[in-house]
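Rule-based calculations on the coordinates, nothing more; no lab input. Note that the structure is a prediction, hence the values are computed from the model and not measured. Neighbour counts run over all protein chains shown; Cβ positions are idealised from the backbone, glycine included.
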Amino acid sequence: MRTPIIAAGLVCMAGAASAQDTLTVYTYDSFVTEWGPGPVIEQRFQERCDCDLEFVSVGDGAEILSRLRLEGERTEADVVLGLDENLAEAARDTALFAKHGVESPQLDLPIEWQDDMFLPFDWGYFAFVYDKTRVETPPASFEELAESDLSVVIQDPRSSTPGLGLVLWVKAVYGDDAADYWERLNDQVVTVTKGWSEAYGMFLEGEADMVLSYTTSPAYHLIAEDDDTKAAAPFENGHYMQIEIAGKVASTDNPDLADMFLDFMLTDGFQGAIPTTNWMYPAKMPAEGLPEGFDTLHEPEKALVYLGSEAEAIRDDAIEEWRAVSSQ
Amino acid sequence: MARGLFSVTRTTGAGATALALVLFLALGTLVAVALRAEGAGAFTVADLAALRFTLVQATLSAALSIALAIPVGRALARRSFPGRGVLVMLLGAPFILPVIVAVFGLISVFGRSGLVSQALLALGLEPISIYGFHGVVLAHVFFNLPLATRLVLQGWLAIPAERFRLAASLGFTARDIARQLERPMLREVLPGAFLVIFLLCLTSFAVALALGGGPRATTIELAIYQAFRLDFDLGKAALLALVQFALGAAVALIALRVALPPGFGAGLDRAVSRWDANTPMLRALDAALITLATLFLVLPMTMIAVDGLPALATLPASVFTATARSLGVALASVILTLALALPIAAWSVKSGSRLVEGVGTLTIAASPLVIGTGLFIILFPITDPFALALPVTALVNAVMSLPFALRALVPALGQVEADFGRLADGLGMTGTARLRHLWLPRLARPLGFTAGLSAALSMGDLGVIALFASPDAPTLPLQIYRLLSAYRMDDAAGAALILLVTSLALFWVFDKGGRVNADA
């Protein structure tokens with residue numbers, strides 16, 4: 001998950017002019033905040049690349065893809081980091097990405113990863129997060145959530161990867177009855193935000209009882225804030241998985257540097273920073289393992305995920321189904 | 001009247017060029033959009049919901065603004081008190097107030113942790129939320145209640161004082177006066193006022209973007225933005241843009257048939273003696289109404305100063321670079337506005353054609369997002385539209401303030417030509433000489449006002465820039481929106497204060513500048 005410390009997500013541009021090559025990486029808001037993985041990864045990569053690594057935040061995950069489509073081959077981006085498995089096929093269809101060229105990457109994912117264009121950098125399970133001091137008995141399923149009078153804040157699936165994840169999660173659980181479920185939940189949705197940062201911010205400000213986030217979100221409060229009041233509600237329906245991915249842009253003028261970055265992405269220098277800055281599970285377990293506190297998190301018994309072209313086949317219809325109900 | 005052929009053709013040429021550019025932006029972009037919309041799928045349920053939301057919120061916003069403006073306008077018309085002049089002047093302020101600044105002020109008053117919610121919590125009640133339908137309507141009433149009040153107040157003050165004196169001598173009660181004098185006036189003023197406000201709310205983008213809260217509260221303008229930025233569905237964006245244009249054009253046409261109240265009236269500074277309203281109860285009622293309306297207007301603005309001042313010292317550098325960027329856009333927009341408005345005004349006066357001014361005013365019904373979408377479709381095959389974000393914003397802003405510029409310049413230039421035109425012709429003063437020695441000095445006042453207005457409107461604009469902005473080069477309003485949605489309220493407050501002060505200062509400097517020259 002992304003660091004809950006919210007920030008506008010503007011990259012401070014290093015003004016120093018130099019002959020160094022610049023590697024431009026498009027990513028999402030919370031990745032580049034002061035407390036997110038951005039600063040430490042930038043520092044560690046620059047130590048070994050003799051280059052200038054520049055993160056550009058373009059909103060939430062799904063917006064990265066829209067942005068890339070708008071810019072086409074004129075894009076400045078060399079690498080795109082922060083799409084997820086649900087958008088991989090759509091991203092592939094843009095023909096804007098190049099193959100990563102890494103043969104059988106060493107990964108520690110709960111599923112097998114086969115994709116010649118995108119590499120995972122972390123993963124997690126979506127979950128509704130609540131405050132134990134305000135919600136005594138959290139719902140144990142989607143049914144219980146809809147039957148309760150708890151208010152929730154969710155993200156727009158068109159701009160946000162968690163928002164898209166939820167739409168697919170509901171689809172995976174309810175299938176053809178998904179629209180019916182959205183209808184029953186509709187009254188409890190306080191608002192639909194553009195991105196994860198906005199939604200989590202609203203939840204922390206007390207604007208809603210629950211927020212769509214990750215099972216790993218409580219670890220942030222526990223480790224960084226020494227606060228054990230936040231928890232993820234385990235759903236007996238199972239939890240939808242997110243695998244966050246990165247890819248090399250075909251039109252890059254720095255292909256070698258881009259390859260170097262993707263290689264670096266699966267080393268300890270990058271992966272070791274993920275658990276306590278992005279608050280997700282690392283795609284490749286670093287030597288030091290997971291930090292203390294992660295053992296307290298809920299581990300779903302049942303993981304749900306659409307892989308390959310499955311998500312792409314149902315994405316547009318699932319979103320329109322949600323949008324039709326949510327606009328009423 | 002014999003005028004040099006040279007001067008006529010030059011005026012006509014410049015005017016026609018400027019007008020052609022306006023026509024291209026208002027209608028040419030629409031053609032680009034329409035061609036692109038061909039392949040678009042049908043209207044979905046959610047698009048229909050956006051259309052319905054747009055119409056319902058605009059109707060309710062306009063109705064509420066008017067309904068509240070009637071008692072407040074009446075109170076202002078029949079009472080005189082210290083500060084009344086300032087209050088009436090203040091009613092003009094929301095017009096140049098950046099939308100995003102007002103949104104911030106409204107959140108500080110009506111938001112979950114705002115003043116009202118805190119008061120409710122202290123009383124043991126539930127706090128209120130500002131996001132969604134009611135938030136959008138609240139913000140629209142905040143912007144348009146002052147406008148409605150001014151229009152209604154003008155209506156009241158247009159009733160000759162003698163009528164009220166006669167009514168008093170005939171022993172009319174307040175109810176008789178309402179029936180004989182006030183209601184006929186309101187019947188004349190209200191339809192026009194309603195339509196103007198309805199039109200303004202119809203194209204609302206920034207308010208819905210910041211306070212909308214998801215698919216349930218999406219205007220067509222916002223849906224265009226989403227189709228464009230989120231779905232990258234240019235066909236859908238184009239289809240929605242056509243719907244938006246049709247709506248705007250339809251309402252504008254109806255508005256033209258209904259007598260529109262004049263926008264800038266004079267003589268609002270005196271209250272009429274009203275013997276009928278001298279009862280203690282009516283006095284208390286009017287005092288309460290005026291106090292409430294003033295609080296509603298002033299409180300959000302005060303909160304920006306209160307919240308913003310402490311944050312100024314620690315503002316991130318990005319806010320200041322955004323400010324510089326916005327200042328550049330605003331100044332460029334001023335130059336473009338004048339470069340468009342003067343030739344069109346000159347042509348309009350020389351040809352005596354209402355049509356010329358009418359075409360120049362066309363953009364009042366146009367939507368900046370439709371123009372922006374069209375420009376994007378046209379520019380994309382040629383060049384990188386994102387590299388042109390700031391110039392495009394300045395140009396669109398200039399075209400959007402053109403109707404107000406023409407409204408100020410055309411009558412003034414007509415007067416100058418009527419007074420000095422023959423003399424200048426006699427002296428053979430044409431072309432640049434006429435511009436420099438006759439028009440510019442004589443028009444200093446309306447020019448200063450126009451420049452101030454377009455600078456302030458452009459400085460605070462959050463519309464087309466949202467379509468085009470690069471992630472790392474936002475204008476100040478866009479930066480405030482990003483801070484707001486990231487819940488960085490302190491920084492947002494500081495930035496909002498900077499934007500508020502800059503916008504007002506820009507207006508003041510230009511407007512004042514025009515006056516100084518005029519007196520010299």
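About the Cα centre of the range B:370-494, what is the dipole size in debye to 20, counting +1 per Lys and Arg Cβ and -1 per Asp and Glu Cβ, all else neutral?
Values: 8 positive and 8 negative charges, 85 e Å.
The calculation lands at about 400 debye.
Which of rounded, prolate, oblate describes the range A:131-193, given a ≥ b ≥ c as roots of the alpha-carbon gyration tensor eigenvalues and a/c under 1.5 marking rounded, otherwise prolate only if a/b is larger than b/c?
In terms of gyration-tensor shape, oblate.
Could you compute how fast the range B:43-114 diffuses translationally, taking Rh as the Kirkwood radius over C-alpha pairs and applying Stokes-Einstein at 37 °C with viscosity 0.692 mPa s? Give it in µm² per second.
D = 213 µm²/s.
Roughly how many debye, to the nearest 20, is the charge dipole of the protein assembly as shown about its Cα centre, given +1 on each Lys and Arg Cβ, -1 on each Asp and Glu Cβ, and no other charges?
With only Lys, Arg, Asp and Glu charged at Cβ, the dipole is about 7220 debye.
Within the P(r) computed for chain A, what percentage of the Cα pairs occupies the region above 28 Å?
37 percent
Which helices pass in chain B if a helix is a full DSSP H run, must span at least 20 angstrom along its long axis by Cα, and must have mean Kyte-Doolittle hydropathy not below 1.6?
Numbers: long enough: B:5-23 (26 Å, 1.30); B:45-78 (49 Å, 1.28); B:133-157 (35 Å, 1.19); B:183-202 (28 Å, 1.57); B:234-257 (34 Å, 1.83); B:280-311 (45 Å, 1.51); B:317-351 (51 Å, 1.43); B:389-426 (47 Å, 0.93); B:444-459 (22 Å, 0.88); B:489-519 (44 Å, 0.80).
For chain B, where a helix must reach 20 Å along its axis and average at least 1.6, the hits are B:234-257.
On average, how many beta carbons from a partner chain sit within 10 Å of the beta carbon of a residue in A:317-328?
5
Given the options A:118, A:264, A:128, state which has the largest fluctuation in a GNM of chain A using a 10 Å cut-off (strictly under) for Cα springs.
Result: A:264 has the largest fluctuation of those listed.
Order of B:44-51, A:301-308, A:189-196 by packing, highest average Cβ count within 10 Å first?
A:189-196, B:44-51, A:301-308
Given contacts defined as C-alpha pairs under 8 Å and at least six residues apart, what's the relative contact order of chain B, whole-number percent?
26 percent
For the range B:372-489, build the charge dipole from Cβ charges (+1 Lys, Arg; -1 Asp, Glu) around the Cα centre, then report which of B:471, B:459, B:435 sits farthest towards its positive end.
Final value for the positive-end residue is B:435.
Arrange the following residues from fewest to most other Cβ atoms within 10 Å of their Cβ: B:185, A:202.
B:185, A:202
Could you work out the Rg to Rh ratio of the range B:40-312, with Rh taken as the Kirkwood radius (inverse of the mean 1/r over all Cα pairs)?
Rg divided by Rh gives 1.03.
Looking at B:82, B:225, B:294, which one has the Cα that reaches farthest to the positive end of the dipole of the range B:40-312 (charges on Cβ: Lys, Arg +1; Asp, Glu -1)?
Going by the charge dipole, the pick is B:82.
Which value at 222 nm does the protein assembly as shown reach when only helices count, each DSSP H run of 4 or more adding -39,500 (n - 2.57), with the total divided by all residues and rounded to the nearest 500 deg cm²/dmol?
Working: 35 runs with 491 residues, N = 848.
Dividing the helical sum by the residues of the protein assembly as shown leaves -18500 deg cm²/dmol.
Gap in Å between the Cα centre of the range A:145-206 and the Cα centre of the range A:52-128?
A separation of 23 Å, based on Cα centres.
Quick one: putting +1 on the C-beta of Lys and Arg, -1 on the C-beta of Asp and Glu, what dipole do you get for chain A around its Cα centre, in Debye to the nearest 20?
400 debye
For the pairs A:171/B:236; A:132/A:302; B:236/B:350; A:248/B:236; A:171/A:230; A:284/B:236, flag any whose C-alpha to C-alpha distance is greater than 32 Å.
Correct reply: B:236/B:350; A:284/B:236.
If I histogram all Cα-Cα distances within chain B using bins 20 Å wide from 0, what percent of pairs lands in each bin?
21, 53, 24, 2
From Cα coordinates alone, what are the radius of gyration and Dmax values for the protein assembly as shown in angstrom?
Just the Cα atoms of the protein assembly as shown yield Rg and Dmax of 29.4, 99 Å.
How many Cβ atoms of partner chains, on average, are near each residue of A:184-193 if near means within 10 Å of its Cβ?
The shielding value for this peptide is 3.
Using the charge dipole of the range B:40-312 (Lys, Arg: +1 at Cβ; Asp, Glu: -1 at Cβ; taken about the Cα centre), state which of B:139, B:306, B:177 has its Cα farthest towards the positive end.
Going by the Cα projections, it comes out as B:177.
Between the alpha-carbon centers of the range B:75-141 and the range B:413-476, tell me the distance in whole angstrom.
Their Cα centres are 33 Å away from one another.
Sort A:51, B:201 so that the residue with the fewest other Cβ atoms within 10 Å of its own Cβ comes first and the one with the most comes last.
A:51, B:201
Give the long-range amide H neighbours of residue A:21: residues separated by 5 or more places, or on another chain, with amide H under 5 Å away, using H modelled in the peptide plane at 1.01 Å from N.
Under 5 Å from the amide H of residue A:21: A:52.
Let me know the shape class of the range A:233-328, please: from the alpha-carbon gyration tensor, a ≥ b ≥ c as square roots of the eigenvalues, rounded when a/c is under 1.5, otherwise prolate if a/b is greater than b/c, or oblate. Each step should come with its number before you reach the end.
Working: a/c = 2.66, a/b = 1.20, b/c = 2.22.
Taking the square roots of the gyration eigenvalues as a ≥ b ≥ c, the range A:233-328 is oblate.
Taking neighbour counts of Cβ atoms within 10 Å as a proxy for exposure, in what order, fewest first, do B:508, A:113, B:439, A:279 appear?
Placing the least packed residue first, the sequence is B:508, A:113, B:439, A:279.
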